[in-house]
Amino acid sequence: ASKSLLGKMLSCVRGCIILGLVTVPLSSAFAFPPSAIPLASPALRAVSSGAPRVPGAGRGRATKRVVSMHAMPQAGRYRGGDASITVDDVLRNPTFPKEFPFSPGDFSRQDEKDDVVFYDQKRLVTHIDDKAIEALTKYYASTIAPGSDILDICSSWISHFPKDFPETMGKRVGLGMNGAELKENKQLSSFDVVNLNKDGKLPYEDNAFDVVTCVVSVDYLNKPLEVFKEVARVLRPGGRFILSQSNRCFQTKAIAVWLQTNDLEHAYIIGSYFHYSGAFKAPFAKDISPKGKVLKILQGGFFPSDPMFIISGEVKK
């Protein structure tokens with residue numbers, strides 16, 4: 001059922017380089033086959049096919065050359081014919097299948113060993129670049145009300161909150177896999193070590209938080225609906241779940257369907273978690289990527305800064 005529904009939705013061709021455990025997509029070409037039309041939002045239904053292929057994409061490697069911004073498709077955007085579709089469009093008025101379109105295989109990972117083993121290593125690194133982090137921090141500053149109690153799930157040694165949050169916010173609780181990393185997080189007032197892929201239950205009372213955040217990590221959850229329902233339980237009336245995503249991941253730990261899909265599909269997938277949990281109002285997607293020709297040097301070439309997308313929803317309470 002999953003392959004007939006989601007598998008036909010979109011196709012993605014990628015060229016990547018792998019830096020350690022982090023996969024950095026360098027280019028993507030998107031095609032929207034007619035069979036996807038019943039599933040996608042009206043914006044996606046406007047295009048049925050015709051995305052040009054990107055030279056060198058899909059070969060599992062990238063040539064070492066200087067690539068200008070104009071030579072690469074903009075992350076999170078598809079252009080075909082006269083249409084231009086962005087991440088912002090995907091959840092404006094989406095059409096979701098009646099039944100949850102994913103199979104258990106969609107949530108399998110290349111590495112199915114206990115996550116405790118993988119995350120036991122202390123990694124004090126950032127998984128998105130400085131400009132993407134800055135964009136996310138500015139978004140938090142502009143949207144999270146002073147005095148809010150915040151839960152940061154899938155947390156680590158940094159939460160990308162504004163520097164003044166310890167003074168302007170209420171409690172700031174982190175939940176993650178590595179206690180040593182969480183101890184380093186000066187933006188938290190407390191933390192808990194929990195493996196959400198083993199036990200999706202959050203160790204907090206009902207209505208305990210105003211905001212729940214999750215940074216570039218929803219792609220690792222193999223029981224997302226369970227987690228989304230728990231997030232809704234611990235949110236207060238009017239509370240929001242703010243997820244941020246880029247285009248990088250630990251490939252061996254990301255769920256299978258994530259690795260087979262692109263930025264636009266990722267927004268749709270996360271939107272479907274909100275929808276099928278039944279616990280949130282209609283979510284929205286927003287591209288907050290660094291604007292302009294922001295370039296970084298990587299493996300001898302110049303590439304755009306990491307994209308940054310927000311998918312957020314308000315709890316139904």
Query raised in the report: To one decimal place, what Kirkwood hydrodynamic radius in Å is obtained for segment 164-267 from all pairs of distinct Cα atoms?
Result: 15.0
Query - Extreme residue, positive dipole direction of segment 173-305, given options ILE288, VAL193, HIS275 (C-beta unit charges) - result: ILE288
**Report entry** Charge context of LYS201, other residues only, Cβ under 13 angstrom, K/R +1, D/E -1
**Finding:** -2
Report task. Give, as a single signed number, the net charge of other residues whose beta carbon lies under 15 Å from the beta carbon of LYS113, with Lys and Arg counted +1 and Asp and Glu -1. Result -> -2
Query raised in the report: What is the diffusion coefficient of segment 128-216 in µm²/s, taking the Kirkwood radius over Cα pairs and the Stokes-Einstein relation at 37 °C with a viscosity of 0.692 mPa s?
Result: 246
Report task. Using the Cα centre as the reference, give the magnitude of the dipole from point charges on the C-beta atoms of segment 83-218 (Lys, Arg: +1; Asp, Glu: -1; all else neutral), rounded to the nearest 20 debye. Result -> 160
Query - segment 218-296 - charge dipole about Cα centre, Lys and Arg +1 at Cβ, Asp and Glu -1, debye rounded to 20 - result: 320
Query raised in the report: In the structure displayed, which of LYS98/LYS281; LYS163/LYS183; LYS186/LYS223; LYS201/LYS229; LYS138/LYS291 lie more than 19 Å apart, Cα to Cα?
Result: LYS186/LYS223
Query - Normalised alpha carbon radius of gyration of segment 88-157 [divisor 2.2 N^0.38 Å] - result: 1.61
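Read the figures in this text as sums done on the coordinates, not as results from a lab. Just so it is clear, the model here is predicted, and its values are computed rather than measured. Positions of Cβ are generated from backbone atoms using ideal geometry, with glycine treated the same way; all protein chains shown enter the neighbour counts.
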